[in-house]
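What follows is calculated from the coordinates using simple rules that are stated; it is not laboratory data. The shown structure was predicted, so the numbers you read here are calculated from the model rather than taken from an experiment. A quick note on method: Cβ atoms are made from the backbone with ideal geometry, for glycine too, and the neighbour counts reach across all protein chains shown.
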Amino acid sequence: MTTYNFQGYKGRARMAFTCEHCSKPNRTRTFVAEHTVNPFNKNADGSIKQASQVMREASAEAKRQRDEFAVEPWCAACEDALSYDERKALRARRSTAKPAA
Ligand SMILES: [Zn+2]
């Protein structure tokens, strides 16, 4: 069996914030998204996406995750203390909010 080793590119976005729940200042969170160059990662016209394009998209994805988080920034301790349902509700509020201008 042939194994393929696809080149992966990581996009990162970092955010410093004050927790909205416990008001602890100077919390930080880093968001990482990895996209790969591979034969199935294609443009609408069927061409395989180039490395530079994949890098941009990984970076855009990390920023999107950060923007979603920024809707209601909670520190890790507060998020960890949530029940499954509360966590689900928090994720839903973040994903339905309009992106900050
Ligand atoms: Zn907190």
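Below is a table of values for the structure above.
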item	result
Filter result for V32 (touching a helix residue (DSSP H, G or I) at 6+ places or on another chain (Cβ under 8 Å), outside any loop (DSSP other than H, G, I, E, B) and β-branched (V, I, T))	yes
When residues of region 1-17 are limited to those that are surrounded by 12 or more Cβ atoms within 10 Å (Cβ to Cβ) and within 16 Å of the ligand (Cβ to nearest atom), the one farthest from Q53 (Cα to Cα)	F17
Region 83-97, subset within 18 Å of the chain's Cα centre (by Cα) and surrounded by fewer than 10 Cβ atoms within 10 Å (Cβ to Cβ), residue farthest from F69 (Cα to Cα)	T96
Residue count, region 18-68 (criterion: within 16 Å of the ligand (Cβ to nearest atom) and surrounded by 17 or more Cβ atoms within 10 Å (Cβ to Cβ))	3
Any hit, region 69-82, residues being more than 16 Å from the ligand (Cβ to nearest atom) and on the phi < 0 side of the Ramachandran plot	no
Subset of region 61-75 [outside any loop (DSSP other than H, G, I, E, B) and either free of Cβ contacts under 8 Å to residues at least 40 places away in the same chain or farther than 14 Å from R29 by Cα (or both)]	E61, R64, D67, E68
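Each row is one residue, and each column tells you yes or no for (1) free of Cβ contacts under 8 Å to residues at least 24 places away in the same chain; (2) touching a Gly at 6+ places or on another chain (Cβ under 8 Å); (3) in a loop (DSSP other than H, G, I, E, B).
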| position | (1), (2), (3) |
| --- | --- |
| C22 | no, no, yes |
| P25 | yes, no, yes |
| T28 | yes, no, no |
| A44 | yes, no, yes |
| S59 | no, yes, no |
